[in-house]
Every structure is written in C-alpha cells, then in structure tokens.
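Asks: Please read through the structure below; I'll follow up with questions.
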Amino acid sequence: MKINRRTFMQGAGATAILSSLSGLTPGIANARTTGAHSNLLAKRNGEVVYHSCLRNCAARCLLKFRVQDGRMTYVSGAEEQAKTGKAPCLKGQAYVQYTYAPDRILHPMERVGAKGEGKWRRISWDEAYKKISDRLKSVITEHGSESILPYSYSGNYGAIGMSASGERFWNRIGSSILERKVCTYAAYDGLESVYGTFLGPDPEDVMLSDVYLNWGHDETVSNTIAIKLINKARDNGTKFLVVNPQRTPLCNQADVYLQPKPSTDVQLCAGIMKYLVEKDLVNHKFIQEQSIGYDDLLKRLDELSYDEIEQITGVPRAKMFEFAQILGENEKTMLRMGYGFQRNFNGARMSRAVAMLLGVTGNFGKRGNGLVYDNIHAGAGLNQSIASGKYMRKNKDAQRINMTEIAKAIHPTNPTSHDKPSKPIHAMIIYNGNPVVVAPDTNAVIEGMKREDLFVVGHDMVMTDSLQYCDIILPSASQFETDDIVGDYHGYYIQVCQKVIEPVGESKCNWTFFRELGQAMGFEDDVFKASNDDIIKELLDTDSPDYKGVTYERLMKEKFIKLDIPQPVLADGKYNTPSGKIEFSSKLMSDAGYHPVLDWQLPEEEMEPKERNLPFRLLSSGVPQRVNSSFYNVKYIRAIPAYYVKINPVDAKTYDVKDNDVVKLSNHRGEARFVVIVTEGVLPGSLMTPKCNWLRMNPNGTEGCTNSLTTDKLTDMGGCSAYHSTRVDLAKA
Amino acid sequence: MENKHQLGFVFRQENCIGCQACTVACQIHNELPEDVRFRKVDRYEVPHEDGTKDIWLSHSCMHCGNPGCLMVCPSQAYSVRDDGLVVLDRDKCTGCGLCVNACPYDAVVMLKSDGKAAKCNMCIELIDQGLKPACVDGCPVECLDVDRIHSVLQQKSSASKQGIGYGNCITKPNMLIIKERA
Ligand code: SF4
Ligand code: SF4
Ligand code: SF4
C-alpha cells in the first residue's frame with residue numbers, strides 16, 4: 001500500500017485526489033494488496049486539461065483529461081461542474097479509446113478505382129489541397145459556386161468546429177446553403193405558435209418542481225447526467241410523469257407512464273385537457289389574463305369523445321385521468337419535451353398540443369415551472385455571425401438545400417430541393433457528418449454519391465460508410481486536438497474545450513483544414529489567417545445580454561460559466577406571439593394550412609398507399625451507447641448491440657419470431673436485417689431499431705441499416721426530418 | 001463471524017437505467033479485453049400492473065462472506081482481506097477453472113490470453129487510496145456505491161440481499177439493494 005501511494009503521489013493530480021479521500025480508509029488499515037494492479041493507477045497521473053464533450057447531446061459534460069508525454073491517458077467528469085458531474089455517460093468515459101481508435105485515418109488519400117470500390121492511394125496534404133482547389137475552381141467556372149454543397153452537422157458541436165470553421169469558407173466561396181434542420185425545427189414552430197418562444201427555464205430548477213413531466217424524451221440517451229438531479233427531486237417528493245410510445249428506461253420508473261401509439265399526441269393532449277376542464281383543474285385567472293382562444297379550445301375538445309381518444313391513442317382512459325389529475329392538482333410542473341417525437345409529419349402540430357398543457361394549467365411565472373426543450377441561449381448568444389464570416393457572402397439568395405433531402409439534391413438525373421427542380425451539385429465536402437447512414441433513404445444517398453460527375457471530399461476520423469464514396473479522404477483531428485468553446489442546450493453553460501493533445505498522425509482540425517483550403521483557393525482575406533484563439537475571442541465579443549460579465553479571460557480561468565439569465569422565464573405575462581398572449585387558437589397554424597387549435601391529422605394519412613398499408617410503424621431512436629453515427633468503431637462500445645429490433649409479444653407471435661431471431665425489415669426504399677428483442681417496450685404495430693447505425697458494421701449483413709428504410713419527406717412546419725413517419729414490413733430472414 | 005468492516009456493493013435498483021457505463025468504466029480501468037466484462041448489466045422484463053416493466057441489475061463479484069471460489073481453489077489463489085474483499089491473485093492461478101463453476105453469481109471468467117481466471121477485485125488499488133471503484137465512479141445516475149455492509153444494514157431499513165435477478169445464497173453475498181421510494 002505504501003508503494004502504491006508513493007507512486008501515486010508523484011502525479012500532478014495528487015492534491016485533488018487526496019482531498020477527495022472518502023471515509024473508506026480507516027477500516028482497511030491492515031488490508032493486504034494481493035491481487036492489486038497498482039500499474040492501473042499510472043494513467044491517472046499527469047497534467048490536467050479541461051475539455052467539453054462535443055457530441056450532439058444536450059448534457060455537455062465538462063471533462064478532465066490527464067496528459068502524459070503528449071498522450072491522453074485518462075478521462076473523468078469534472079466534479080466541480082456540479083450539473084454535469086464526475087461521471088459522464090459511457091461515451092464520455094470512452095474518449096481515450098475514441099481518440100486512439102486503431103482505425104483512425106492518419107493521412108490523406110485519393111481514390112483509385114471505381115467509386116465505392118475501396119481502393120486508395122496515399123497523398124500529401126499539399127497534393128490534396130492542390131487537387132481540391134483545382135477541382136473547385138473548375139466547377140465554379142463551369143457551373144457556378146452554387147453547384148458546390150457543404151454537408152455537415154453534428155459530429156462536432158464546437159462553436160468553431162461546427163460552425164465558424166466551415167462557414168467562413170462556404171460564405172466566402174458562395175456555395176449552396178445547407179439547411180441543417182434534422183432535429184428540432186418542427187417543434188420550434190409548434191411551441192412558438194403557443195408561447196412565442198422555444199427557450200425555457202433553468203432545468204436545474206426541477207428541484208423546485210412538484211411534477212417533472214417528460215414528453216417524448218429519453219434522458220438515458222442524450223442527457224444521462226440530468227437523471228441524477230431528477231432522482232434527487234423525486235426523493236424530495238417531486239412526482240414523475242412520462243409519455244413515450246417506446247418504453248425508455250425512465251418510463252419504467254415513472255409514477256404514471258402513458259404509452260400512446262406513435263404520433264397520436266394531439267389526441268392524447270386533448271384527452272388530458274378535456275379531463276382538466278371537466279374537473280375544473282384549469283387555471284381560470286391565468287387563462288383569462290394571459291391567453292386568447294380558450295373558448296375555441298373548449299369547442300375543439302368537445303369534438304372528440306373519450307372513446308375516440310382511447311381508440312386512437314391506445315391509452316386506457318383511467319391511466320390518462322390519473323396522469324391528468326397529478327398534472328392538474330399540482331402547482332409547479334417542469335415539462336421536458338424530447339427531440340424525437342417531432343420528427344413526424346405532424347411534428348409541429350404535436351409540439352403545439354403539448355405546449356398547450358402548460359397553458360391551461362397556467363404553469364408559468366414561478367421557478368420550477370415551464371417547458372424545457374432546446375435551451376440554446378449559450379450557443380445562440382455567441383457572435384456567430386462575425387465568426388462565421390456571414391458578411392463575406394455575396395450571393396445571399398444562393399439555393400438552399402435541406403440536408404434531410406440530400407438524396408434528392410444529388411439525384412443523378414433529376415435534382416430537386418423543396419419539391420422544385422434545383423441546380424445540380426457537382427462538388428461536395430463532407431465533415432462532421434456521415435450522410436450515407438444519417439440521412440434518410442440510405443440507398444438513394446449512395447446512388448447520388450456514386451455519380452462520376454460529383455466530386456466528393458470527406459474529412460473524418462475514421463472510414464465511415466460515407467467516406468467510402470469519396471474522391472479524396474482527409475484525416476480529421478478529434479475535438480480534443482484543437483481549441484474551441486461550446487454552449488450546452490439543456491442548461492445555460494458556456495464551457496472551454498482546451499487542446500488536450502496534438503493532432504494524431506497527419507490529421508487536421510476543421511479550422512486548420514478550411515483555413516488552408518481557403519489559402520489554397522487564393523483567398524487573401526485576413527479571416528483566413530486567424531487562429532482558433534482569435535475566433536474564440538470574436539465569438540465572445542457579443543452584445544447578447546446573456547453574456548453580461550463573461551470575458552475570454554474569465555472563461556479560460558473558470559472553465560465553465562453559467563450565464564446569468566433571469567428566472568423565472570416568461571414571468572411577466574408577455575409572450576412573443578402576434579397577440580402578446582398564449583394562443584390556444586393560432587393564426588400561424590391556420591396560415592400554414594392546419595387547424596388553428598388542435599389538428600387531428602395522423603402521419604399515415606400523408607403516406608403514399610404502398611407505405612401506408614405496411615404492417616408496422618418504425619421508430620428509430622437513439623440508444624445510450626451511441627450518438628447518431630458516432631462510437632460505432634470505439635473499443636468497449638462497438639460490442640454493445642446496435643442492430644436489433646424491438647417487437648411486441650403479440651406481433652412476435654403472429655410473425656412466429658422469438659428473441660435472437662434475425663428478421664428482415666423492408667419497404668420500397670430498401671431493406672435491412674436486425675436481431676429480434678421481444679418486449680412490451682413497444683406496442684403492437686410498432687417496431688423500434690436504433691437510428692443511424694452503420695452499414696459496414698451490421699453483423700446481420702451489410703445490405704442495409706436503419707436509414708435504408710426511413711422517409712426523407714419533411715415535417716409539417718420547420719423543414720425538419722420525419723424519420724419516425726416510416727412504415728415497414730417484417731419477414732424472417 | 002460477521003465482519004464489521006465488510007465492504008460490498010450497494011445498488012439502488014429502482015434508479016438503474018441499464019446504460020452499461022459501469023461495465024465500460026470497469027473495462028477501461030482494468031484494461032480488460034473487449035469481450036471480458038467483470039461487471040454485467042442484465043435486463044429483466046417483469047410483470048407490472050396491466051403489463052410489464054424493465055428492471056436492470058448491475059452486478060459483478062459479490063465479495064461473499066463464504067466464497068465458493070475460494071473454497072474450491074486448489075492453488076489458494078483467492079484470499080479474503082480484512083475489509084472482506086475476496087481477491088484473486090492471478091499469479092497463483094493455474095487455470096483449472098473450478099472457481100468458474102463454484103461461483104453462483106457468474107462472476108469469474110477465464111481469459112483467453114493466458115487461460116487464467118479473472119474477476120472483479122473491487123479495484124482494490126483504488127479502494128486502498130480511499131477512492132471508490134471504477135464502476136461506482138462511472139455510474140452517471142449515481143445508483144451504484146460501495147460501503148460497509150454492516151452500517152448500511154443498520155441505517156437503511158429497506159436494505160436487503162434481495163432484488164430482481166439477485167438473491168441471498170449460501171456463499172453469503174455482499175451486495176445490498178436499497179429502495180428509497182415505494
Ligand atoms: S452505470 Fe449505473 S445506471 Fe448505468 S447500468 Fe450501471 S448501475 Fe445502472
Ligand atoms: S461472487 Fe463468486 S467470485 Fe465473487 S466471492 Fe462470491 S463466489 Fe467468489
Ligand atoms: S469494482 Fe472494479 S473491477 Fe469490480 S466491477 Fe467495479 S470497476 Fe470492475
């Protein structure tokens with residue numbers, strides 16, 4: 001033991017660790033160390049560097065890395081950032097394995113052979129820059145700059161890594177504009193139609209709430225670290241209500257869990273509001289003073305009976321009443337709305353209905369009240385416009401391509417965008433993304449990417465399914481190999497991402513790549529000489545009132561700062577809607593062609609008949625061990641299953657399948673094979689498979705993955721993806 | 001005789017979300033081969049009101065008071081420390097595999113690399129520093145802990161050696177399940 005401790009204390013971190021000695025020591029004073037592996041502690045020594053997790057997860061853990069001889073050796077959560085805490089989720093804990101993954105691409109390569117054949121030749125960065133800039137210049141001369149398309153989204157959430165770096169280049173060059181709207185946008189419109197905003201209260205105030213209501217969110221997947229706070233609130237008596245068509249882990253722990261059929265949320269909300277009205281559990285004073293259209297809502301609720309609601313949603317009315325009673329009789333409710341359920345053809349309309357629940361109960365004006373959805377204050381308050389070089393764009397009216405419709409935009413013969421013919425794309429640079437398996441309709445994406453007249457460059461850490469179809473591949477540095485800053489989108493934090501190690505191999509971070517490519521293109525603008533630090537200073541040079549008191553020096557010293565946003569939010573009774581009040585009846589909705597109060601239409605009604613009549617609705621959700629298409633190659637994580645399909649016992653019987661059988665799911669877009677899990681976690685008629693899994697890792701055959709099946713039709717409003725509005729057939733494989 | 005210093009895992013099963021962060025934290029700390037897990041997380045779908053619900057059990061070696069592994073080991077590779085931890089000294093292991101069968105909790109694995117047994121030693125190198133084991137430190141929802149069994153049993157009326165997928169047996173396991181919410 002002596003020897004252990006001495007070795008241990010040589011590390012720079014000894015003070016921190018000694019101060020956290022727990023009460024366990026005294027009883028084991030005579031313990032023998034037979035079988036101990038003192039060498040396992042060596043990795044915990046070294047210099048401490050702070051970085052934030054940059055995955056597409058609202059939590060945004062602050063991480064502490066140990067570095068020895070230029071190598072990252074160990075990662076833990078930074079316990080001083082109490083919201084995120086000492087234990088990040090397993091993805092955060094595996095960042096050393098992620099960074100030093102044996103399959104990392106270490107040098108640039110050029111395709112030899114046919115597209116997708118997988119034959120490559122090593123080239124230098126200089127050669128790569130020359131080839132890319134020559135090709136981009138000739139494409140611009142021949143077809144115009146709009147025939148160049150960026151493809152990127154959430155592989156790196158850093159303020160520089162995600163936005164500033166690439167955007168400087170795209171704005172300067174005048175490329176087509178990529179609408180990066182996979183996720184939240186339908187609900188923005190839905191929430192704004194009620195409250196005028198989608199920004200919500202401080203989620204740490206859940207400690208003050210009487211009720212925590214989770215609607216369609218899975219904290220296990222993208223906000224694990226919030227669960228410990230929810231648990232503390234529950235230990236203090238906070239009630240926990242959950243709604244989700246897929247039984248997420250927390251659904252099992254709820255006081256009341258409702259499992260509606262997918263996308264029937266409008267009807268379910270109607271049922272809950274009907275009960276609240278009948279039992280007089282609505283807040284009359286609040287409704288009278290702070291809302292319009294309540295009478296229209298009452299009329300609309302009368303149009304639907306409990307029988308119909310029960311039949312459409314599949315939720316037994318007794319359960320629904322129990323749920324509504326808890327919501328109605330408590331004063332403070334924090335509603336956490338998820339990012340998944342609005343990915344449906346009726347996404348905006350469902351989000352609107354959910355938001356109305358807090359309207360009738362008047363859950364505003366007190367801490368512990370309100371709706372948490374996408375708290376992007378921290379990121380949105382940064383001076384992105386300057387950092388991204390928006391002022392450099394000359395063609396402000398350049399064509400816009402929605403990334404969900406990427407397959408349509410790069411279609412070999414008939415490119416379209418927003419249902420209209422679009423200018424053909426002749427060059428594409430992919431970074432922070434993996435369109436082949438992240439975009440819907442994988443087969444169609446591949447068909448487009450295989451075009452011989454489409455020049456594709458891919459900048460990534462590992463050989464993704466998308467890089468397979470590139471002309472030139474560039475090794476990307478991980479987020480830990482560069483400096484950045486980032487805001488979370490759950491709470492209100494801005495945090496540092498300090499360079500932990502030098503780039504591995506010949507890899508370059510996003511900004512180095514785009515800066516040098518800009519120079520190769522001959523751009524002499526000063527903005528292409530800036531360092532990461534210069535950009536961070538520009539980002540923090542902001543007029544946003546949220547950033548009062550936040551300086552570069554302070555952030556670098558403190559590592560994380562909680563923005564000072566006055567609480568409670570929406571306390572003054574003024575809403576940013578046309579009427580200035582909460583709108584139970586909305587012109588925004590009727591102008592968009594929907595019912596102004598509650599719209600009953602279900603996604604099936606919008607599907608083409610050949611899909612509508614398939615037996616199963618396919619939910620493709622995130623899973624805790626992956627995020628989008630990341631972590632599929634990471635040691636310890638890659639062995640955890642991600643190619644399964646959950647099926648209800650009733651359906652399993654009908655189709656004669658059991659646990660561990662391999663089945664084929666299919667529709668007119670494609671097919672894919674998955675391993676069966678029989679569980680009541682999904683309802684009869686619904687299936688669930690993890691989203692964004694890779695083609696080449698599918699152990700059941702590489703002909704398909706989840707997105708081989710999903711629809712690329714957009715949501716009702718906001719131009720968001722609608723993955724869950726997909727139907728499939730099932731057969732034993 | 002009862003060991004007042006006996007350490008054991010204390011698990012709030014009602015809060016476990018089955019994420020496997022504990023499993024991966026253990027693999028990372030112990031630098032285990034990818035297919036070897038000292039800590040496993042099992043899902044149980046159990047009857048509940050009008051349907052079923054999922055409950056997870058995160059488990060590893062139970063550091064038994066009457067360890068089956070130790071009893072059968074002909075090479076005396078197993079020993080019990082003063083704090084009750086059942087530790088395996090791999091240097092002494094000859095790879096006979098008797099302990100694998102003697103353990104009722106599926107806690108011992110044979111490593112392919114050297115043909116010897118391996119199991120959770122409760123990260124004794126961390127325990128000896130007054131720290132918590134890697135799995136405990138790695139649980140993001142804080143439902144896994146290590147503590148003295150004796151004092152937990154005294155302080156928490158709900159603490160028991162019974163949970164879903166887990167029960168007391170003749171080896172006298174030392175994991176406690178606590179329930180704070182009805
Ligand atoms: S890390 Fe915690 S919550 Fe996750 S499986 Fe392990 S014990 Fe359960
Ligand atoms: S759980 Fe198994 S390996 Fe651990 S002490 Fe008990 S018998 Fe031995
Ligand atoms: S105590 Fe250590 S070895 Fe045992 S399961 Fe936890 S981390 Fe693994």
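The values are calculated or read from the model by the stated rules, or taken from the named source; none is laboratory data. All of these numbers come straight from a predicted model, not from anything done at the bench. In this analysis, Cβ positions are derived from the backbone assuming ideal geometry, glycine residues included, and neighbour counts consider all displayed protein chains. Protein only, heavy atoms only, side chains kept; ligands, DNA and RNA dropped before computing areas. Shrake-Rupley method; radii C 1.70, N 1.55, O 1.52, S 1.80 Å.
Asks: Go through (1) modelled with pLDDT of 95 or more; (2) surrounded by 15 or more Cβ atoms within 10 Å (Cβ to Cβ) one by one and return the number of the condition A:D533 breaks.
Replies: The single condition A:D533 does not satisfy is (2).
Asks: Just for segment B:120-132: of the residues that are part of a loop (DSSP other than H, G, I, E, B) and crowded, with 23+ Cβ neighbours inside 10 Å, which one is farthest from ligand 1 (Cβ to nearest atom)?
Replies: Going through the qualifying residues, I end up with B:D128.
Asks: Report, by residue number, each residue of segment A:140-155 that is part of a helix (DSSP H, G or I) and open to solvent by 10 Å² or more (accessible area, probe 1.4 Å). I'd like the intermediate steps shown before the answer.
Replies: Our first condition is that a residue be part of a helix (DSSP H, G or I); within segment A:140-155, this holds for A:140-143, A:145-147.
A:I140, A:T141, A:E142, A:H143, A:S145, A:E146, listed by residue number.
Asks: Ok, one more. Name the residues in segment B:120-138 that are within 15 Å of ligand 2 (Cβ to nearest atom) and either among the polar types (S, T, N, Q) or within 18 Å of B:K172 (Cα to Cα) (or both), would you?
Replies: Correct list: B:C120, B:N121, B:M122.
Asks: Just checking, how many residues over segment B:140-160 are within 12 Å of B:N174 (Cα to Cα), outside any helix (DSSP H, G or I) and away from ligand 2 (no atom under 16 Å from the Cβ)?
Replies: Residues that pass the stated criteria total 4.
Asks: So in segment A:72-85, with the set limited to residues that are in a strand (DSSP E or B) and open to solvent by 20 Å² or more (accessible area, probe 1.4 Å), which one is nearest to B:C139 (Cα to Cα)?
Replies: Result: A:S76.
Asks: Please enumerate the residues belonging to segment B:85-119 that are within 10 Å of ligand 2 (Cβ to nearest atom), assigned to a loop (DSSP other than H, G, I, E, B) and within 11 Å of chain A (Cβ to nearest Cβ).
Replies: Across segment B:85-119, the qualifying residues are B:L85, B:K119.
Asks: Which of the residues that make up segment B:37-52 are of a type outside the set (S, T, N, Q) and more than 15 Å from ligand 1 (Cβ to nearest atom)?
Replies: Residues satisfying the conditions are B:E45, B:V46, B:P47, B:H48, B:E49, B:D50, B:G51.
Asks: If A:S385 satisfies every condition in (1) modelled with pLDDT under 95; (2) surrounded by 23 or more Cβ atoms within 10 Å (Cβ to Cβ) but one, which is the exception?
Replies: Among (1) modelled with pLDDT under 95; (2) surrounded by 23 or more Cβ atoms within 10 Å (Cβ to Cβ), the lone unmet condition for A:S385 is (2).
Asks: Quick test for you: out of A:L602, A:L539, A:L588, A:L570, pick the one residue that is of a type in the set (A, V, I, L, M, F, W, C) and open to solvent by less than 20 Å² (accessible area, probe 1.4 Å).
Replies: None of the other options fit; the residue is A:L539.
Asks: For segment A:336-350, does any single residue satisfy the condition of being within 17 Å of the chain's Cα centre (by Cα), under 25 Å from A:K587 (Cβ atoms) and in a helix (DSSP H, G or I)?
Replies: Scanning segment A:336-350, I find at least one residue that is within 17 Å of the chain's Cα centre (by Cα), under 25 Å from A:K587 (Cβ atoms) and in a helix (DSSP H, G or I), so the answer is yes.
Asks: Does B:E49 satisfy being at the interface with chain A (Cβ under 7 Å from one of its Cβ atoms) and surrounded by fewer than 24 Cβ atoms within 10 Å (Cβ to Cβ)?
Replies: no
Asks: Going through segment A:57-88 one residue at a time, which ones are among the acidic types (D, E) and over 12 Å from A:E47 (Cα atoms)?
Replies: The answer is A:E79, A:E80.
Asks: Confirm whether A:L570 is in contact with an Asp or Glu (Cβ under 8 Å, 6 or more places away or on another chain) and among the aliphatic types (A, V, I, L, M).
Replies: So A:L570 does not fit the description; no.
Asks: What residue, among those in segment B:120-135 that are touching a Pro at 6+ places or on another chain (Cβ under 7 Å) and at the interface with chain A (Cβ under 9 Å from one of its Cβ atoms), is farthest from A:K43 (Cα to Cα)? Give the derivation first.
Replies: Looking only at segment B:120-135, we keep the residues that are touching a Pro at 6+ places or on another chain (Cβ under 7 Å), and these are B:122-123, B:126-127.
Going one step further and asking which of them are at the interface with chain A (Cβ under 9 Å from one of its Cβ atoms), we end up with B:123, B:126-127.
Values: B:C123: 14, B:L126: 13, B:I127: 16 Å.
Per the criteria, the residue is B:I127.
Asks: Further question: Please go through segment A:678-691 and give me each residue that is of a type outside the set (D, E, K, R), over 17 Å from A:P615 (Cα atoms) and crowded, with 24+ Cβ neighbours inside 10 Å, ordered by number.
Replies: Of everything in segment A:678-691, just one residue is of a type outside the set (D, E, K, R), over 17 Å from A:P615 (Cα atoms) and crowded, with 24+ Cβ neighbours inside 10 Å, namely A:G681.
Asks: Moving on. Output the residues belonging to segment B:74-89 that are more than 15 Å from ligand 3 (Cβ to nearest atom) and open to solvent by 20 Å² or more (accessible area, probe 1.4 Å).
Replies: Within segment B:74-89, B:P74, B:S75, B:Q76, B:S79, B:V80, B:D82 meet the criteria.
Asks: Quick test of your reading of the structure: A:Q259 fulfils all but one of (1) touching a helix residue (DSSP H, G or I) at 6+ places or on another chain (Cβ under 8 Å); (2) open to solvent by 10 Å² or more (accessible area, probe 1.4 Å); (3) more than 14 Å from every other protein chain (Cβ to nearest Cβ). Name the failing condition by number.
Replies: Tallying (1) touching a helix residue (DSSP H, G or I) at 6+ places or on another chain (Cβ under 8 Å); (2) open to solvent by 10 Å² or more (accessible area, probe 1.4 Å); (3) more than 14 Å from every other protein chain (Cβ to nearest Cβ), A:Q259 fails exactly one: (3).
Asks: Considering each residue of segment B:42-64, count those that are more than 16 Å from ligand 2 (Cβ to nearest atom) and either at pLDDT 95 or above or assigned to a strand (DSSP E or B) (or both), and give that number.
Replies: Within segment B:42-64, residues that are more than 16 Å from ligand 2 (Cβ to nearest atom) and either at pLDDT 95 or above or assigned to a strand (DSSP E or B) (or both) number 12.
Asks: If you take the residues of segment A:32-71 that are assigned to a loop (DSSP other than H, G, I, E, B) and closer than 15 Å to A:E502 by Cα, which of them is nearest to the other protein chains (Cβ to nearest Cβ)?
Replies: Filtering segment A:32-71 for residues that are assigned to a loop (DSSP other than H, G, I, E, B) and closer than 15 Å to A:E502 by Cα, the one nearest to the other protein chains (Cβ to nearest Cβ) comes out as A:D69.
Asks: Within segment A:287-316, which residues are open to solvent by 70 Å² or more (accessible area, probe 1.4 Å) and over 21 Å from A:K581 (Cα atoms)?
Replies: Matches in segment A:287-316: A:D302, A:E303, A:D307, A:E308, A:Q311.
Quick grid of which residues meet (1) open to solvent by less than 20 Å² (accessible area, probe 1.4 Å); (2) away from chain A (no Cβ under 12 Å); (3) over 23 Å from A:V221 (Cβ atoms):
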residue	(1), (2), (3)
B:N3	no, no, yes
B:V10	yes, yes, yes
B:G18	yes, no, no
B:C22	yes, no, no
B:N30	no, no, yes
B:E45	no, no, no
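Asks: Looking only at segment A:221-239, how many residues end up being outside any helix (DSSP H, G or I) and buried (at least 23 other Cβ atoms within 10 Å of the Cβ)?
Replies: Residues meeting the conditions: 2.
Asks: Inside segment A:193-220, can you point out the residues that are touching a strand residue (DSSP E or B) at 6+ places or on another chain (Cβ under 6 Å), over 17 Å from A:G362 (Cβ atoms) and not in a strand (DSSP E or B)?
Replies: Result: A:P203, A:V206, A:H217.
Asks: Shifting gears a bit: Answer with yes or no whether A:A731 is small (G, A, S), open to solvent by 10 Å² or more (accessible area, probe 1.4 Å) and touching a residue at least 60 places away in the same chain (Cβ under 8 Å).
Replies: yes
Here is a yes/no grid of residues against (1) open to solvent by 30 Å² or more (accessible area, probe 1.4 Å); (2) within 16 Å of ligand 1 (Cβ to nearest atom):
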| site | (1), (2) |
| --- | --- |
| B:D91 | yes, no |
| B:K112 | yes, no |
| B:A118 | no, no |
| B:A134 | no, yes |
| B:D145 | yes, yes |
| B:Q154 | yes, no |
| B:T171 | no, no |
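Asks: Right, another one. For segment A:545-568, check the following and say yes or no: at least one residue is at pLDDT 95 or above and closer than 23 Å to A:D460 by Cβ.
Replies: Within segment A:545-568 (the criterion being at pLDDT 95 or above and closer than 23 Å to A:D460 by Cβ), the answer is no, since none of the residues qualifies.
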